[in-house]
Amino acid sequence: MKQLVSFLILLLCFTTAVAAGPSTNLVKNGSFEGPVGKFGIPKGWGSEPYNQKVVGGAKVGKKCLQINNNEFAYSLGAQEFALDGTKHHWVSVATWVKGKDIVKGKEDWAKANLQILFFDAAGKQLEGWPELGPWAGTFGWTKYAKMFAVPPKTTKGKVVLGLINASGTVWFDDIQVLTRAPNQNRDPFDLISN
């Protein structure tokens, strides 16, 4: 009987943890370990070149994405995914980032960045330009994570990353976009609060 009670308690804890846990990553190939396609673009991250290459020296796994501009330019990769704002009210976005000699352009926002954008069924962008960055200068691998409210009219999300009219080199690794239930608006990457 004692073994049965112990088993039931363990099962209850496991199912509660699974039910409360974050969803599957909405971003495909966020670790950049997958195949590289035309122009050396990592699968799922665009079709036109943007001064990118998949390189070793990753923070997680073996590979990461490097984007380099020798002069001020827009060099951006992107990935879209389905996202129903009526069912998913929050997303957690996280990535590892490293920078070298990133110099901002004329505007304060012209730096390295990772943005999460939301769109309605007509393709209209909602709620501005939510971002994890921006970043400038030189810095080692650093984890950035943040919760974002999903506008109710959202039907599609998009991650945009790279150098926005800036020069220098930025690396990205282990990009995650996870949906959260309405009662789970705490950041799953915040290990102190959770």
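The values are calculated or read from the model by the stated rules, or taken from the named source; none is laboratory data. All values derive from a computational prediction rather than experimental measurement. Please note: Cβ atoms are built from the backbone with ideal geometry, for glycine as well, and neighbour counts cover all protein chains shown. Heavy atoms of the whole protein, side chains included, go into the accessibility calculation; ligands, DNA and RNA do not. Shrake-Rupley method; radii C 1.70, N 1.55, O 1.52, S 1.80 Å.
Of all accessible surface on the stretch 25-97 at a 1.4 Å probe, what whole percent is carbon and sulfur?
54 percent
Using a Förster distance of 30 angstrom, determine the FRET efficiency expected from the C-beta separation of Lys124 and Asp101, and round it to 0.05.
Efficiency, from the Cβ-Cβ distance: 0.25.
I'd like to check one number: the per residue accessible area of the stretch 25-180, probe 1.4 Å, reported in Å² as a whole number.
Solvent-accessible surface per residue comes out at 46 Å².
How charged is the neighbourhood of Phe139? Take every other residue with its Cβ under 13 Å from the Cβ of Phe139, and add Lys/Arg as +1 and Asp/Glu as -1.
Around Phe139, the charge tally is +4.
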